[in-house]
Every structure is written in structure tokens, then in C-alpha cells.
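The structure under discussion appears below in the form of C-alpha cells.
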Amino acid sequence: MAFTHLLRLDYYFMNDLESTFWGFGVVVVGLILLLIGGLIVRAKSKRWAYFGREVALRATSIGFIIGWLGLLWLFFRYEGIPYFTWRLWPALLIIYVLVALYYLVRFIRVDYPERQKQRGSRADKDVYLRRFLGKK
């Protein structure tokens, strides 16, 4: 299987796609399970600690966007609507997922540990005690 067609620009703007493909049902079921699983995780994460809840909310928001936009694109493809059946839209969705995963990993590895370091610092306490310290 050659992947050289991915480097051609006209590949992403083709309208001659079939309405269904060999894995159409599997993809639809997978996207629906992604949405349902996201709802379940979101409901259960309300009782979790801050870090777990925040990671779950960020991950499920990515999952919701993938699920809804994926189902929407499959509907347009099934109906054969010309501009919405382009392969450009799933490619943009994949780029979004990669960027969102980067920010999720960045939150886990960089942002949250920095917040934990600053949490007990004097500057954090000064924010809440400005009135009592005579600062505005």
C-alpha cells in the first residue's frame, strides 16, 4: 500500500467517494461508543480529585469533538454532499487531535507540576491576603 497519494493536494479534495466503505458500520459504532464513554467518564469524574478530573474533562472534550464531527462527516459522506465529503475534513480533524493531545500532555507534564510548586509559595498566599497586608 503506497502512501504517496497523501502528499498530493488533489487527494484531499476528491468528491468521487463511495457513500459507504468496508468499515463504515465499525466506524459509526466506534464513534457512538466514544460519545457514550465520554459521557460516562464525565459523570464519574465529578467525584475525582482535581488532577484526574481535569485530565478526564480535557480528554473527553477531545473525544466529543471527534465523535460529533466524525458522525457529521460520515452523514455528509453517506448523503453524498459534494464539499463536505472531501478528505480534507478528516485530515483537519486529525491535526486538531494531535494539537489537543499535545496540550493535554503539556498540562500533565508541565502545567500541573508548575501549579503544584507554586501552590504552597508565598506569592500564592499574597494573592489572597493583599487586603490584610495593605496592598492593592
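The values are calculated or read from the model by the stated rules, or taken from the named source; none is laboratory data. Since the structure is predicted, the reported quantities are computational estimates derived from the model, not experimental observations. Here Cβ is always computed from backbone atoms with ideal geometry, including for glycine, and neighbour counts include all displayed protein chains.
Descriptive notes on the structure:
- Some residue of region 76-91 being within 29 Å of TYR103 (Cβ to Cβ), free of Cβ contacts under 8 Å to residues at least 24 places away in the same chain and in contact with a Lys or Arg (Cβ under 9 Å, 6 or more places away or on another chain): yes
- Within region 88-105, not a single residue is at pLDDT below 95, surrounded by 14 or more Cβ atoms within 10 Å (Cβ to Cβ) and more than 18 Å from the chain's Cα centre (by Cα).
- So ALA43, is it free of Cβ contacts under 8 Å to residues at least 60 places away in the same chain and in a helix (DSSP H, G or I): yes
- Complete set of residues in region 57-86 that are under 18 Å from GLY23 (Cβ atoms) and touching a Leu at 6+ places or on another chain (Cβ under 8 Å): ILE66, GLY67, LEU69, GLY70, LEU71, TRP73, LEU74, ARG77, THR85
- Residue count for region 106-128, restricted to those that are out of contact with any Asp or Glu (no Cβ under 8 Å at 6 or more places or on another chain) and at pLDDT 70 or above: 11
For every residue, the table says whether it meets (1) surrounded by fewer than 16 Cβ atoms within 10 Å (Cβ to Cβ); (2) closer than 28 Å to MET14 by Cα; (3) under 15 Å from the mean Cα position of the chain (by Cα); (4) free of Cβ contacts under 8 Å to residues at least 12 places away in the same chain.
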site	(1), (2), (3), (4)
LEU35	no, no, yes, no
PHE51	yes, no, no, no
ALA56	no, no, yes, no
ALA59	no, no, yes, no
ILE65	yes, yes, yes, no
TRP73	no, yes, no, no
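- Here the condition is being modelled with pLDDT under 90 and either assigned to a loop (DSSP other than H, G, I, E, B) or not polar (S, T, N, Q) (or both); of ARG77, ARG58, it holds for ARG77 alone.
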